[in-house]
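These notes are about the structure you will find just below.
The values are calculated or read from the model by the stated rules, or taken from the named source; none is laboratory data. Treat the numbers as computed from the prediction; the structure is a model and nothing was measured. Positions of Cβ are backbone-derived with ideal geometry, glycine not excepted, and every protein chain shown enters the neighbour counts. Ligands, DNA and RNA are stripped out before the accessible areas are found, and what is left, the full protein with its side chains, is counted by its heavy atoms. Shrake-Rupley method; radii C 1.70, N 1.55, O 1.52, S 1.80 Å.
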Amino acid sequence: MTVPLIQIIILAGIIFSLGLICTLVWRSNVIMLLVGIEIMLNGAMLVFVGGSYRWGAPDGQIFALMIIAMTSAEVSLALAMVVYLQRRHKTVNVDDFHELKDQ
Amino acid sequence: MKLYLELIILLPLFGALINALCGRHLPRRLSEWLACAAIGGSFAAALAAFSSYSSPVRIEIASWLADFDFSAPLALYLDPLSLSLTLMITFVCGLIHLYSVAYMAEDPCYVRYFALLNLFVAAMLLLVLAENLPLLYMGWEGVGFCSYALIGFWYKEVKNADAGRKAFIVTRVGDVAFGIAIVWLFMLCSTESIVDLNSMGGSIPPWKLTAIGLLLLFGAAGKSAQAPLMVWLPDAMAGPTPVSAQIHAATMVTAGVYLLMRLFPLICLSPTVLAAIAITGTLTALYGASCALVQRDLKRVLAYSTISQIGFMMLGVGAGGITAATFHLLIHAFFKALLFLAAGCVITAMHHEQDIYRMGGLRKTAPLTFYGFLAGALCLAGFPLTGGFFSKDGILTAVWEQGGTLYSALYTIGLLTAYITALYTFRTLLLVFGGDCRSEHKTAPVPPLMNFILLPLALVALAGGLLNLPTVFGSGLLSGFLAPLIVGPVIDPSHSTELALLLASSAAAFTGIGLAWLRYGGGRRQLRLNEAEQPLGGLSAFLFHGWYLDDLYALLFIHPFIRLSQFFWKRVDEQVIDGSMDRFAGLLGRWGMLLGSLTCGRVSLYLLSFAAGAALLVGWLAWLMFSAGGG
């Protein structure tokens, strides 16, 4: 049974939106922000895989594999920074980090 | 001949250069005598040129301006007109230089003074001897510069510096017209040589010739202090008295008249221009004489009298009497230099007091000066048989011979002016020299050199009439000498007319002198002195302030100009240009603040705006896609 491309894209869109909403709304914890980003990336990956399947070309799947590798690296770095931030500021609330603003 | 002509100009120029470059390191005596010797040598060269003169010569010293078909070489031209003027200039200026040695004996800035005085003479000689108009213009501007520097010689007083600037700026107004005329003449005739131009008048369209003539007249009016540009001359009294003598007598103010005489064969083709010259001259003569009638400053009286006398010369040119105008120019140079130098003696004797109502009694305390001044005054007043009488009468005769309503009216005004001239001259004479000494101080002794200089000038001025006697008494030497210059019909009045005109002139002079005696002589003098304590009213105030011309020009030109500049400065520059820049910068700054306030440092807000931007982009893409699909 073949799933039509449009349905895959709708599913990916839903996943992406959920990830975005998670990123925007859940501000009290940086880790949840990272989780949101991961979900958005998964949505994007789904589109790649679906597209690859639809046109029978392998490059989309290769990209998905690369994204998996990249996200794992990113998450490990990001989590390390979260630990560092938590030690430094004693908090993980997103809104408390505004050092980049000019004084 | 070439050597003589070169020496005439180069000697004063070298005198000026040496004094300007190393005058400070020379002993004072040497510096002074160098300046005098330069002019003396120039006079000697002029005499030599005169003795070897036979016919007009044109010599080319070097090439100067040359471009395509335009050429203005350093060329000199000697004809009776320039020769007679050269002789007069070197003679009078030589005496003025000698006089200056005594007059400026106390002044520490003598080097600058003598350098400028020499340069002044050199520029004037260049003007007179120039063969082409650009060279003449160079002398013209050189004269203008030197007069500016010498009028403002004592520049530490603002008043004097202002007078210098006024002379410079007012004459510049006329120079613009002259400059336009020079360029226009080249466009029409493809030559700048005065001799060639004078023979090409017929090939110029009449209206253009008239326009050029009027431009030349305006330029001459600037230099010669004629209406409407005469306002600078009374203020030019701020300079040292010998400078005034030089400006009024030999150099500078005669330049305008000389220009018109030089180009007379060209401009005489347009009757309109001649009439304009005559009317300008007459009005200015009347203006100057009427103003001189009420002045209190001795030098201002003489300044207004110069304006008036130059007006007479203009009238002579306008009436076609080139000989008469030249004659009057020469005689006027002698007696005006005499009057100014005598005035310098008076001022020295009176401890630099210049108000004629505070003088008096100088006839007894400074008799030599008195006789000098008397000789000058007799000439200025046109007392019969003096030089001034014959020269002024020559002009009036020329005007009379023109006939017609206009020239008859001008003759009448001229005669009236001659009468006023006699009146104000003897008013001054009687106030300065008559009565008893009013000054509290004893009169200072006048250096003998200064008094001695008056003698040759007085002799020349009084006997100058012999140069050009009316045909009743014989033939005029000068008119014979100047005969090659005359174009058109020779003015040759019948003897009876000439005698009648002579009598009319004498009557005018005698009436004026008589009235002056009636008002200022003897016991009436004290009355006038008492009157002078009262403030001036009515006509007197009007005349005293030079017909309020300064105020009129201030109202017409200076105030509007100042208001215009202030408009451009305050409104246009500060408000529009600066203001728009300021507001634009402010706008950019406010935008920056607005955008800057977005960077609050909250990551969530950044993310939200990021998402919103992405949504906007996606929405736009979707819209494009659907509208493309729909279309």
Practice task
Determine whether region B:271-279 contains at least one residue that is among the hydroxyl-bearing types (S, T, Y), open to solvent by less than 30 Å² (accessible area, probe 1.4 Å) and at pLDDT 90 or above.
Solution key: no
Exercise for the section: Look at region B:137-159 and say how many of its residues are assigned to a helix (DSSP H, G or I) and open to solvent by 90 Å² or more (accessible area, probe 1.4 Å). Expected result: 3
Practice task
Confirm whether B:F626 is more than 14 Å from chain A (Cβ to nearest Cβ), within 30 Å of B:I169 (Cα to Cα) and open to solvent by 100 Å² or more (accessible area, probe 1.4 Å).
Solution key: no
Problem - Matching residues, region B:490-523, being open to solvent by 80 Å² or more (accessible area, probe 1.4 Å), modelled with pLDDT under 85 and either among the β-branched types (V, I, T) or over 30 Å from B:G316 (Cβ atoms) (or both) - result: B:V490
Fill in the blank from the handout: Apart from one, (1) in contact (Cβ under 8 Å) with a residue 60 or more places away in the chain; (2) open to solvent by less than 10 Å² (accessible area, probe 1.4 Å) all hold for B:N198; the odd one out is (2)
Fill in the blank from the handout: Within region B:344-357, the residues that are open to solvent by 10 Å² or more (accessible area, probe 1.4 Å) and not in a helix (DSSP H, G or I) are B:H351, B:H352, B:E353, B:Q354, B:D355
Practice task
Inspect all residues belonging to region B:537-554 and state whether any of them is within 14 Å of chain A (Cβ to nearest Cβ), in a helix (DSSP H, G or I), surrounded by fewer than 10 Cβ atoms within 10 Å (Cβ to Cβ) and of a type outside the set (D, E).
Solution key: no
Problem - Candidates A:A64, A:A44, filtered to the one that is within 14 Å of chain B (Cβ to nearest Cβ) and under 20 Å from A:A12 (Cβ atoms) - result: A:A44
Exercise for the section: Could you check, for region B:332-343, whether at least one of its residues is surrounded by 22 or more Cβ atoms within 10 Å (Cβ to Cβ), not in a helix (DSSP H, G or I) and not hydroxyl-bearing (S, T, Y)? Expected result: no
Handout entry: Only one of B:G394, B:G360, B:G403 that is open to solvent by 10 Å² or more (accessible area, probe 1.4 Å) and over 26 Å from the mean Cα position of the chain (by Cα)
Key = B:G403
Handout entry: Members of region A:18-36 that are without any contact (Cβ under 8 Å) to a residue 40 or more places away in the chain, open to solvent by 40 Å² or more (accessible area, probe 1.4 Å) and more than 10 Å from chain B (Cβ to nearest Cβ)
Key = A:L18, A:M32, A:V35
Exercise for the section: Take region B:597-613 and flag every residue that is open to solvent by less than 60 Å² (accessible area, probe 1.4 Å), outside any loop (DSSP other than H, G, I, E, B) and at pLDDT below 90. Expected result: B:V603, B:S604, B:L607, B:A611
Practice task
Might you check whether a residue that is more than 30 Å from B:M593 (Cα to Cα) and either within 14 Å of chain B (Cβ to nearest Cβ) or touching a Gly at 6+ places or on another chain (Cβ under 9 Å) (or both) occurs anywhere in region A:69-76?
Solution key: no
Practice task
Kindly provide the set of residues from region B:508-557 that are free of Cβ contacts under 8 Å to residues at least 24 places away in the same chain and closer than 21 Å to B:G288 by Cα, ordered by number.
Solution key: B:G514, B:G537, B:G538, B:L539, B:A541, B:F542, B:H545, B:Y548, B:D551, B:L552, B:A554
Completion exercise
By residue number, the members of region A:77-103 that are of a type in the set (G, A, S) and more than 14 Å from every other protein chain (Cβ to nearest Cβ) are A:A80
Handout entry: Residues located in region B:280-303, provided they are open to solvent by less than 10 Å² (accessible area, probe 1.4 Å) and small (G, A, S)
Key = B:G281, B:A285, B:G288, B:A289, B:A292, B:A303
Handout entry: Criterion (exposed (fewer than 10 other Cβ atoms within 10 Å of the Cβ), away from chain A (no Cβ under 14 Å) and either in a helix (DSSP H, G or I) or not basic (K, R) (or both)) met by exactly one of B:L587, B:L594
Key = B:L594
Problem - Residues that are open to solvent by 70 Å² or more (accessible area, probe 1.4 Å), in a helix (DSSP H, G or I) and farther than 19 Å from A:I67 by Cα, drawn from region A:1-13 - result: A:I6, A:Q7, A:I10
Handout entry: Subset of region B:364-381 (residues that are of a type in the set (A, V, I, L, M) and surrounded by fewer than 24 Cβ atoms within 10 Å (Cβ to Cβ))
Key = B:L368, B:L374
Completion exercise
Here the residues within region B:51-83 that are open to solvent by 10 Å² or more (accessible area, probe 1.4 Å) and not in a strand (DSSP E or B) are B:S51, B:S52, B:Y53, B:S54, B:S55, B:P56, B:F68, B:D69
Practice task
Mind listing whichever residues of region B:41-50 are out of contact with any strand residue (DSSP E or B) (no Cβ under 8 Å at 6 or more places or on another chain) and crowded, with 19+ Cβ neighbours inside 10 Å?
Solution key: B:G41, B:S42, B:F43, B:A45, B:A46
